[in-house]
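Remarks on the structure that follows.
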Amino acid sequence: SLFRYDLSPGGRKLHGICAGTFGAPTFELRSAYPWQYNLLKIKDNQLTVRTRRREEANGAWKPDSRWTQGSGLGALDYYSIDL
């Protein structure tokens, strides 16, 4: 990895598999689109994708709840896939 996102003494590693607007410079980002990234979690035979977004250049990253569950239910910031 080029960047160490986790500097814990235990030596954990967090590798980024990035696409889309995650590292886009401000001048290349269209104002209608937020910066986004996905965090992938694999446990046993299931992959969970957690989505995050940032809407301002120096803003906080927050859940990107786009996955609807149905009428009257809130949206989720993740979805799961059985492997």
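Out of all the residues in the range 60-75, is one or more within 16 Å of the chain's Cα centre (by Cα) and more than 28 Å from P25 (Cα to Cα)? If you could, list the steps in order and put the result at the bottom.
Here is the first cut: in the range 60-75, the ones within 16 Å of the chain's Cα centre (by Cα) are 60-67, 75.
Still in the running and more than 28 Å from P25 (Cα to Cα): 75.
Taking every residue of the range 60-75 in turn, at least one turns out to be within 16 Å of the chain's Cα centre (by Cα) and more than 28 Å from P25 (Cα to Cα).
For the range 41-61, which residues satisfy the criterion of being surrounded by fewer than 13 Cβ atoms within 10 Å (Cβ to Cβ) and part of a strand (DSSP E or B)? Quick ask: steps written out before the conclusion?
Taking the range 41-61 first, the residues surrounded by fewer than 13 Cβ atoms within 10 Å (Cβ to Cβ) are 41-46, 56-60.
Result: K41, I42, K43, Q46.
Those residues that are in a loop (DSSP other than H, G, I, E, B) and out of contact with any Lys or Arg (no Cβ under 9 Å at 6 or more places or on another chain), I need them from the range 71-83; list them, please.
To start, the set of residues in the range 71-83 that are in a loop (DSSP other than H, G, I, E, B) comprises 71-75, 77, 83.
S71, G72, L73, G74, L83, listed by residue number.
Residues are listed down the side, and each one gets a yes or a no for (1) at pLDDT below 65; (2) outside any loop (DSSP other than H, G, I, E, B); (3) touching a strand residue (DSSP E or B) at 6+ places or on another chain (Cβ under 8 Å):
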site: R4; (1), (2), (3): yes, no, no
site: G11; (1), (2), (3): yes, no, no
site: H15; (1), (2), (3): yes, no, no
site: R30; (1), (2), (3): no, no, no
site: Y33; (1), (2), (3): no, no, no
site: L39; (1), (2), (3): no, yes, yes
site: Q69; (1), (2), (3): no, no, yes
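The values are calculated or read from the model by the stated rules, or taken from the named source; none is laboratory data. Just so it is clear, the model here is predicted, and its values are computed rather than measured. Please note: Cβ atoms are built from the backbone with ideal geometry, for glycine as well, and neighbour counts cover all protein chains shown.
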